Amino acid sequence: MSDAQIGRRALLRGAGGLAALAALPSLSACGTGTSRSVGSGGKGGKTVVVRDSGGSYGAALQKAIYTPFTQETGITVKVLNLDDAPLLAQIKQGRPQCDLINNSMMSHHKYVAQDALETLDLDRVKSVKSAKIPENQITGHAIGSSFYGQCIAYRTDAFGGKKPESWADFWDTKAFKGSRAMVHPDGDLPELEFALLADGVPMDKLYPLDVDRAFKVLTRLRDDIKKFWDSGPLPGVLLSREEVTMSTVWDGRIADLQKQGVPVERQLGGIRRQFQGYAIAKGAANADAAYQLMDFSLRAESQANLAKAFPSNPSSPVAYSKLTEDERNALAGAPKYYDKGFDADVEWWLKNESAVTKRWLEWARG
């Protein structure tokens, strides 16, 4: 799981929220966030400015993507860490500080609704074909580069050797005793899909989500949910302290817990995938360089190198063949696991997230 998603849901919900914030005068001058230069300058002094979320994810991007890109092209990469609202405000005013945007595909969809992204010329992104990017991660304005997934994490010492194998087991507190933790909408999308899977809905029949049914299933587990987590590290803390025996979790967090000696394992059956990717800001000053950096980032080799530096699941199936077996199988996107999960339906969530979140908050209050 990348830092890109930490507190992601705490930002803005829906294109309407982005539009409202863009209209606020205070945001027009909001230069919040930090920037840094990567690389040692280039031939002809060319530069590209990319928005990413910083942190350990940003450091991995610098190592695996930005520095090699500068070495190959001579184009200096400058990095901007900026939230959606001020960045959108800049674009709407015709003065974007960045050229290339690394963000969730869901956020990119919201930007499109505000006419804030350039329409892509896919002929200028050759790596899309060579990396075999899935067609459902290629839109007219953005291309998916990686995904993170929500899955089950459980203590291996909690169930007498038994291993949960499904979301039905997550709901079964008699066979798999102990408290649970699930996400709060400030941490990520409400986990309605997991409730439906636990109730027997097939993965390929999830959408459109039966919201009433999902909340009925969630209610069956409500008394056993000790905590609703709103940040990536919290499920690990709860599992480490044995406050819960199972939790939903961002899959990239498991390896860190295991390195710390916590007896935990993941169950990838029914993992929910959410993609992030690249788009070019409307009115980008360095659009040509942005296309070059996007093309470089989407190469199978680049995605594999990023996966070695950070638990990022490449969108390119070719990238996995460039990893060792151990490196490959540590990732939820590995071929042996991929069919166990499903992609979140971005269009459904864009239409329903606000109403579902409101209902979830009312449900959580009892």
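The values are calculated or read from the model by the stated rules, or taken from the named source; none is laboratory data. As the structure is a prediction and not an experimental result, all values here were calculated from the model. Every residue, glycine among them, receives a Cβ derived from its backbone with ideal geometry; neighbour counts consider all protein chains shown. Note: areas computed on protein heavy atoms with side chains; ligands, DNA, RNA excluded. Shrake-Rupley method; radii C 1.70, N 1.55, O 1.52, S 1.80 Å.
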**Item:** Calculated Rg/Rh (Cα atoms, Kirkwood Rh) (choose from (i) 0.97; (ii) 1.03; (iii) 1.15), label
**Value:** (i)
**Fill in**
Mean accessible area per residue over the range 186-336 (1.4 angstrom probe, all protein chains present, square angstrom) is 39
**Item:** Low-density loop positions, GluC sites (Glu not before Pro), the range 66-172 - DSSP coil, at most 15 other Cβ in 10 Å
**Value:** Glu165
**Item:** Using a Förster distance of 22 Å, the FRET efficiency for Asp212-Lys177 (Cβ separation, nearest 0.05)
**Value:** 0.15
**Complete:** Distance in nm between Glu362 and Asp223 label points, each 7 Å along Cα→Cβ, equals 2.4
**Asked** Using the Kyte-Doolittle scale, which helices in the chain average at least -1.0 and also have C-alpha atoms spread 18 Å or more along the helix axis, with helices defined as whole DSSP H runs?
**Response** 346-364
**Item:** Extension gain (nm, one decimal) between Ala285 and Thr156, 0.36 nm per residue minus Cα-Cα
**Value:** 41.2 nm
**Prompt:** Between the range 298-349 and the range 53-88, how many Å separate their Cα centres?
**Reply:** 20
**Item:** Separation of the Asp204 and Lys351 label points, Cα + 7 Å toward Cβ, nm
**Value:** 2.2
**the range 244-281 residues near the modelled Lys163 label - backbone nitrogen below 12 Å, point 7 Å along Cα→Cβ** = 265-269
**Asked** Can you give the charge dipole size of the chain about its Cα centre, rounded to the nearest 20 debye, using +1 on the beta carbon of Lys and Arg and -1 on the beta carbon of Asp and Glu?
**Response** 400
**Request:** With a cut-off of 20 Å, note down the residues of the range 300-337 whose backbone N falls inside the zone around a label point 7 Å from the Cα of Ser130 toward its beta carbon.
**Result:** 300-308, 314-324
**Fill in**
Computed, not fitted: 222 nm per-residue ellipticity of the chain from DSSP H runs ≥ 4 (each -39500 (n - 2.57)), nearest 500, equal to -10000 deg cm²/dmol
**Message:** Multiplying the sequence separation of Thr67 and Asp115 by 0.36 nm and subtracting their Cα-Cα distance, what value in nm do you get?
**Reply:** 14.2 nm
**Heavy-atom accessible surface of the chain: percent carbon and sulfur, 1.4 Å** = 48
**Prompt:** For the chain, what's the relative contact order in percent, using C-alpha pairs closer than 8 Å and at least 6 residues apart?
**Reply:** 25
